[in-house]
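Worksheet for the structure shown next.
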Amino acid sequence: MPRDYISQPPAAFQRRPHLIRDDEWIRAFLQKARVAHIASAVDNQPFLNPTTFWFEEQNHQIVFHSNLAGRIRSNIESNPKVSLEASELGKLLPSNVALEFSLQFRSVSVFGTARIITDPSAARRLLYGLIGKYFPTMTAGREYREITDKELRATSVYAIQIESWTGKENWAERADQSDDWPALDQKWFE
Ligand SMILES: Cc1cc2nc3c(=O)[nH]c(=O)nc-3n(C[C@H](O)[C@H](O)[C@H](O)COP(=O)(O)OP(=O)(O)OC[C@H]3O[C@@H](n4cnc5c(N)ncnc54)[C@H](O)[C@@H]3O)c2cc1C
C-alpha cells in the first residue's frame, strides 16, 4: 500500500533515512546557503520565488524581501503558508546503470508561515541582518547609507516562522555501480 501523504505533516517520512541530517546540520547549512526558492500557492497555482534570505537563528525565522507589490506579496497576503528550499551542488556522479546516476548535493526544506513586517524599526533590523549575512564586514552609515524611510516604504520585508524542516545530504564520492554491466572507463570520473 502506498503511504498516505495527504493527511501527514509536510516533513513526515523520509525515503532514504541515512541521508537525513539533524537540526544542528540544518542550522549550519541555512547560515551559509546563498539562495532559496520560496513556494507559495493561491487558487491552485504554485509560485516559486528565488531570493536571497537570512536565517535569523535567534527567532527561528527566515527573513527575505521583495518589491512593495508583486505576486509573492499578494500570495502571502492571501495564504501565508510557504515552503522554502535551499541547496548546494557538488560534482556529477556517473554510474553504469541508469537509476544510479546522481550528483553530490546538500539541501534543506523548510515549512512555515510568512508574515509581512510592517513595523519600520523591525523591518530595518531584518534588512540590515539580511545585508549583514552577505556582506558581514560592511556597516550601515559607514560604507553604505542607512536605510531611509522612503526606501523602507518601497520594499516588503517578510519573516517566515519555521514550523518544521528537513535536511538531506548526499556527498558520496561515487554513485553505486552494478557488477552486471561493464565498469565505466576512468575518464567518466574525471
Ligand atoms: C538568485 C536570485 C536572488 C534574488 N534575490 C532577490 C532579493 O533578495 N530581493 C528581491 O526583491 N528580489 C530578488 N530576486 C528577484 C525575485 O526572484 C523576484 O523577481 C522579485 O522578488 C519579484 O517578485 P514578485 O513576486 O514581486 O514578482 P512580480 O514582479 O509580481 O513578477 C510577475 C511575474 O514575473 C515572473 N517572475 C518574477 N520573478 C521571477 C524570476 N526571478 N525569474 C523568472 N520569472 C520571474 C513570475 O511569473 C511572476 O508571477 C532574486 C532573483 C534571483 C534569481
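Within the range 132-145, residues that are within 14 Å of T52 (Cβ to Cβ) reach partners that are surrounded by 13 or more Cβ atoms within 10 Å (Cβ to Cβ) with beta carbons closer than 7 Å, at six or more positions or on different chains, in the pairs K133/W54; Y134/T52. Residues that are exposed (fewer than 10 other Cβ atoms within 10 Å of the Cβ) and basic (K, R) within the range 1-57 comprise R3, R15, R16, listed in sequence order.
All conditions but one from (1) free of Cβ contacts under 8 Å to residues at least 12 places away in the same chain; (2) within 16 Å of the ligand (Cβ to nearest atom) apply to E56; the one that does not is (1).
Taken over the range 155-185, the criterion of being farther than 20 Å from S109 by Cβ, touching a Ser or Thr at 6+ places or on another chain (Cβ under 9 Å) and not small (G, A, S) is satisfied by T155, V157, R174, D176, Q177, L184. Among the residues of the range 2-43, the ones that are farther than 19 Å from T113 by Cβ and at pLDDT below 95 come to 16 in all.
Residues in the range 6-24 that are among the charged types (D, E, K, R) and within 18 Å of the chain's Cα centre (by Cα): 4 in all.
The values are calculated or read from the model by the stated rules, or taken from the named source; none is laboratory data. This structure is a prediction, so every number in the text was calculated from the model and none was measured. Cβ sites come from the backbone with ideal geometry, for glycine too, and all protein chains shown count toward neighbours.
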